[in-house]
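Asks: My structure is below; once you've seen it, I'll send some questions.
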Amino acid sequence: MAAQTLAVVVEIDALCTSIDGWRDDDSTKLEARRLAIDVADAHLRGGYDVLVPQYLGRTEFIDELERTARGADASFVEIHLQATEDDVVARFEARRGELAGADHPEHEVDDVRAAVAEAIGRLEDVAQARPNAVALTAQDDVDATLAGLVATLEGWP
């Protein structure tokens, strides 16, 4: 049996949608990010790992996550999962289907293909601005992608 790591996944969308009024008040997005930083900081200072799986098309929040890790004397590993536009659209639609009936921001995206194309472009800009990030191709097989992610993390100093 593998040892427990007590790692925590901080899902910003889940935090956001748990805040009263999130649909009508854009400031809830910033509040969710603040909460994510607080959770990450507390958990890292406890000596545990934190994962923040999130599309981040701007560097400001990434910078804040990195400062939080460094302030807690923890390593910071930034991984950019890369996939084709068609794959991302298909995954977005599948996730939207999984969230059917749930009150979630993904349901507010009207033109998925246009949103994905814009997001990929912004991620390319982020990758150029953050050259130390690890690029990892997201495989069709989720298990293969996970294996690549685990190998990357295990090889990190």
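The values are calculated or read from the model by the stated rules, or taken from the named source; none is laboratory data. Note that the structure is predicted; figures quoted are calculated from it, not measured. Cβ atoms come from the backbone with ideal geometry, glycine included; neighbour counts cover every protein chain shown.
Asks: Which of the residues that make up region 116-157 are at pLDDT below 85, under 18 Å from residue 91 (Cα atoms) and not in a helix (DSSP H, G or I)?
Replies: If the condition is that a residue be at pLDDT below 85, under 18 Å from residue 91 (Cα atoms) and not in a helix (DSSP H, G or I), then 139, 140, 141 are the ones that fit.
Asks: Could you run through region 45-85 and say how many residues are in contact with a strand residue (DSSP E or B) (Cβ under 6 Å, 6 or more places away or on another chain) and within 12 Å of residue 8 (Cα to Cα)?
Replies: If we filter region 45-85 for residues that are in contact with a strand residue (DSSP E or B) (Cβ under 6 Å, 6 or more places away or on another chain), which is where we start, we get 50-51, 79-82.
Filter once more, so that each one left must be within 12 Å of residue 8 (Cα to Cα): 50-51.
Qualifying residue count, region 45-85: 2.
Asks: Limited to region 65-77, what total is found for residues that are surrounded by 15 or more Cβ atoms within 10 Å (Cβ to Cβ) and of a type outside the set (Ser, Thr, Tyr)?
Replies: Here the count works out to 7.
Asks: Which of the helices (runs of 4 or more DSSP H) contained wholly in region 1-79 include at least 2 residues that are at pLDDT 95 or above, in contact with a helix residue (DSSP H, G or I) (Cβ under 8 Å, 6 or more places away or on another chain) and hydrophobic (A, V, I, L, M, F, W, C)? Write out each step before concluding.
Replies: Numbers: elements: 12-17, 27-45, 59-71.
Filter on region 1-79 gives 27-45, 59-71.
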